[in-house]
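All remarks here apply to the structure that follows.
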């Protein structure tokens, strides 16, 4: 019984310590931008530009993550071949 309580307590305490990562940050920015209501044409253009830039950042992040995964796999293969 005490192990259950201790493990539950550790889980709850550790829950807020993990950072959301880049995808979480980008998602929150997207939600914030979607919640804005521009009052002028200039503001609406700026908002559209910000959304377009965010889309490009998401695309670049996806490419970097794929490249990172490929490089990690290559390093792992090289380490296995070295042994």
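Just so it is clear, none of the values below were taken in a lab; they were calculated from the coordinates. Note that this is a predicted model, so its numbers are computed, not measured. Here Cβ is always computed from backbone atoms with ideal geometry, including for glycine, and neighbour counts include all displayed protein chains.
Neighbour counts of C-beta atoms inside 10 Å place 45, 39 in the sequence 39, 45, starting with the fewest. Residues of the stretch 21-40 with amide nitrogen under 14 Å from the 7 Å Cα-to-Cβ point of residue 62? Correct set: 23, 27. Computed over the stretch 21-82, the percent of Cα pairs more than 18 Å apart is 54. The simple spin-label model puts a point 7 Å past each Cα toward its Cβ; for residue 70 and residue 82 those points are separated by 2.2 nm.
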